[in-house]
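S.K.: Quick one: structure below, then a few questions.
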Amino acid sequence: MKSNKNLGVWMDYSSADLINPHQDANQIIRSKFSPAIKEEALKKGEKHLHHKEQQVQETYFKEIAGKILEYDQVLLFGPTNAKTELLHYLNGDTHFKHVKIAVESADKMTENEKRAFVKKHFNA
């Protein structure tokens, strides 16, 4: 019987914790959208700021997506809509057809709470 490779991704718009329930250390991916980038883009106008936000968010999602491709089942969870936006991004790419993706809302959590949440999800 084939064993599934599972990954939990706790995320908001600034960072994503990639939690493999079979490894002790989490991998963290951070968005490159900083206050300095926001200020610089805002100097050029709100339209430029909006485009810059979208560009940086797509880069952030693409980096997370590259890691997700290595897994069979993925749980996206966190306190913001970022998880749902990432799901839409992934659904638009045929490379992710083989990945079973679940989405759940979750509040701010400690590292131990995140790990327990992921283990509970995949053991259910």
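S.K.: I need the full set of residues from region 1-30 which are within 15 Å of residue 56 (Cα to Cα) and assigned to a loop (DSSP other than H, G, I, E, B), in order please. Write out each step before concluding.
M.R.: Of all residues in region 1-30, those within 15 Å of residue 56 (Cα to Cα) come to 12-16, 29-30.
Result: 12, 13, 14.
S.K.: Can you tell me which residues in region 92-124 are farther than 18 Å from residue 26 by Cβ, surrounded by 11 or more Cβ atoms within 10 Å (Cβ to Cβ) and not polar (S, T, N, Q)?
M.R.: 93, 95, 96, 99, 100, 101, 102, 103, listed by residue number.
S.K.: May I ask you to say which residue of 61, 33, 122, 77 is of a type in the set (Phe, Trp, Tyr) and assigned to a loop (DSSP other than H, G, I, E, B)?
M.R.: Values: 61 fails: assigned to a loop (DSSP other than H, G, I, E, B); 122 fails: assigned to a loop (DSSP other than H, G, I, E, B); 77 fails: assigned to a loop (DSSP other than H, G, I, E, B).
33 is the lone residue from the list that is of a type in the set (Phe, Trp, Tyr) and assigned to a loop (DSSP other than H, G, I, E, B).
S.K.: Name the one entry in 108, 47 that is free of Cβ contacts under 8 Å to residues at least 40 places away in the same chain and part of a loop (DSSP other than H, G, I, E, B). Break it down stepwise before answering.
M.R.: Working: 47 fails: part of a loop (DSSP other than H, G, I, E, B).
Exactly one of 108, 47 is free of Cβ contacts under 8 Å to residues at least 40 places away in the same chain and part of a loop (DSSP other than H, G, I, E, B), namely 108.
S.K.: Consider only pairs whose beta carbons are under 6 Å apart and that are at least six residues apart or on different chains; among these, list those whose first residue lies in region 59-80 and is modelled with pLDDT of 95 or more and whose second residue is of a type in the set (A, V, I, L, M, F, W, C) and part of a loop (DSSP other than H, G, I, E, B).
M.R.: Here the result reads 74/99; 77/106; 78/106, each pair linking region 59-80 to a residue that is of a type in the set (A, V, I, L, M, F, W, C) and part of a loop (DSSP other than H, G, I, E, B).
S.K.: Which residues, counting only those in region 81-90, are touching a residue at least 40 places away in the same chain (Cβ under 8 Å) and either loosely packed, with under 14 Cβ neighbours inside 10 Å or over 24 Å from residue 123 (Cβ atoms) (or both)? I'd like the intermediate steps shown before the answer.
M.R.: First, pick out the residues of region 81-90 that are touching a residue at least 40 places away in the same chain (Cβ under 8 Å): 82-83, 86.
Across region 81-90, the qualifying residue is only 82.
S.K.: To continue, here is another question. Can you pull out the residues in region 106-116 that are in contact with a strand residue (DSSP E or B) (Cβ under 7 Å, 6 or more places away or on another chain) and of a type outside the set (A, V, I, L, M)?
M.R.: Pass one, region 106-116, residues in contact with a strand residue (DSSP E or B) (Cβ under 7 Å, 6 or more places away or on another chain): 106, 109, 114-115.
Passing the criteria: 114, 115.
S.K.: Name the single residue that is nearest to residue 107 (Cα to Cα) among those in region 1-32 being under 13 Å from the mean Cα position of the chain (by Cα) and among the aliphatic types (A, V, I, L, M).
M.R.: That would be 11.
The values are calculated or read from the model by the stated rules, or taken from the named source; none is laboratory data. Small disclaimer: the values here were computed from a predicted structure and weren't measured. Cβ atoms come from the backbone with ideal geometry, glycine included; neighbour counts cover every protein chain shown.
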